[in-house]
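Asks: The structure under discussion is supplied below as structure tokens; questions concerning it will follow.
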């Protein structure tokens, strides 16, 4: 086990990670209002929807990578960044949904409900979002103490949520599936590493 950085160093690293995780949102805001030469192109709503969703999926995979990376490297302090990264994943995925509901569908509940029922990739995305909501709401240390062992069981929902997120992306792109294939491979590797360590550990 490697020595953890000092608390001051960890705080500085957290600030840096927070700033880096916020950068995509800043760029999306600048592009939305065409500030500094940034632009979302001919179809800004579709581009904003795509970018927010893809960043949400990226941060979800980065969050899932923390534990395997901690196990392989022995850097146990990496786990201190997992909650922040998970909340950023939820943030971008929520923005993805809000762009769809508010800007694309103009909060028309009828068409939104029809899309959820009739378009399977939207159904998968909504189910994944619903799985992530309780994880975000119970991400505090107080909720962790209050729920005890149930907290860990609840937060295993992140695995099916990530699977559904990749599946949602795969079905949504329809033709060029290179990007969702990359995400699917990364997710499979991350889950495979977790399964490997679970199988080799003594039965509890």
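The values are calculated or read from the model by the stated rules, or taken from the named source; none is laboratory data. Being a predicted model, the structure only gives us computed values, none of them experimental. Because the Cβ atoms are built from the backbone with ideal geometry, glycine has one as well, and the counts that use them run over all protein chains shown.
Asks: I need a count of the residues in region 105-115 that are within 24 Å of the chain's Cα centre (by Cα), loosely packed, with under 15 Cβ neighbours inside 10 Å and more than 14 Å from residue 45 (Cβ to Cβ).
Replies: Qualifying residue count, region 105-115: 1.
Asks: Still on this structure: Hey, can you tell me all the residues within region 19-42 that are surrounded by fewer than 14 Cβ atoms within 10 Å (Cβ to Cβ) and at pLDDT 90 or above?
Replies: Listed by number, the residues that qualify are 19, 20, 22, 23, 26, 29.
Asks: Test residue 198 against the stated conditions and say whether it is at pLDDT below 95 and surrounded by 12 or more Cβ atoms within 10 Å (Cβ to Cβ).
Replies: No.
Asks: Condition first: modelled with pLDDT of 90 or more and either closer than 30 Å to residue 53 by Cβ or surrounded by fewer than 12 Cβ atoms within 10 Å (Cβ to Cβ) (or both). Now tell me which residues in region 1-10 satisfy that.
Replies: Correct list: 8, 9.
Asks: Another question, then. Within region 1-21, restricting attention to residues that are part of a helix (DSSP H, G or I) and in contact (Cβ under 8 Å) with a residue 24 or more places away in the chain, which residue is nearest to residue 41 (Cα to Cα)?
Replies: 21
Asks: Of the residues that sit in region 134-148 and are assigned to a helix (DSSP H, G or I) and surrounded by 13 or more Cβ atoms within 10 Å (Cβ to Cβ), which one is farthest from the chain's Cα centre (by Cα)?
Replies: In this case the residue turns out to be 147.
Asks: Looking at this structure, is residue 167 at pLDDT below 95, touching a helix residue (DSSP H, G or I) at 6+ places or on another chain (Cβ under 6 Å) and assigned to a helix (DSSP H, G or I)?
Replies: No: the conditions fail for residue 167.
Asks: Can I ask one more? Tell me the residue from 102, 98 that is in a helix (DSSP H, G or I), within 17 Å of the chain's Cα centre (by Cα), modelled with pLDDT of 95 or more and surrounded by 11 or more Cβ atoms within 10 Å (Cβ to Cβ), please.
Replies: 98
Asks: Of the residues 89, 153, only one is out of contact with any helix residue (DSSP H, G or I) (no Cβ under 8 Å at 6 or more places or on another chain) and either part of a helix (DSSP H, G or I) or farther than 22 Å from residue 47 by Cα (or both); which?
Replies: Of the residues listed, the single one that is out of contact with any helix residue (DSSP H, G or I) (no Cβ under 8 Å at 6 or more places or on another chain) and either part of a helix (DSSP H, G or I) or farther than 22 Å from residue 47 by Cα (or both) is 153.
Asks: Taking residue 154 as the residue in question, decide whether it is surrounded by 11 or more Cβ atoms within 10 Å (Cβ to Cβ) and modelled with pLDDT of 95 or more.
Replies: Criteria not met by residue 154.
Asks: So for region 62-84 (the condition being assigned to a helix (DSSP H, G or I), without any contact (Cβ under 8 Å) to a residue 40 or more places away in the chain and loosely packed, with under 14 Cβ neighbours inside 10 Å), does at least one residue qualify?
Replies: Yes, that holds for at least one residue.
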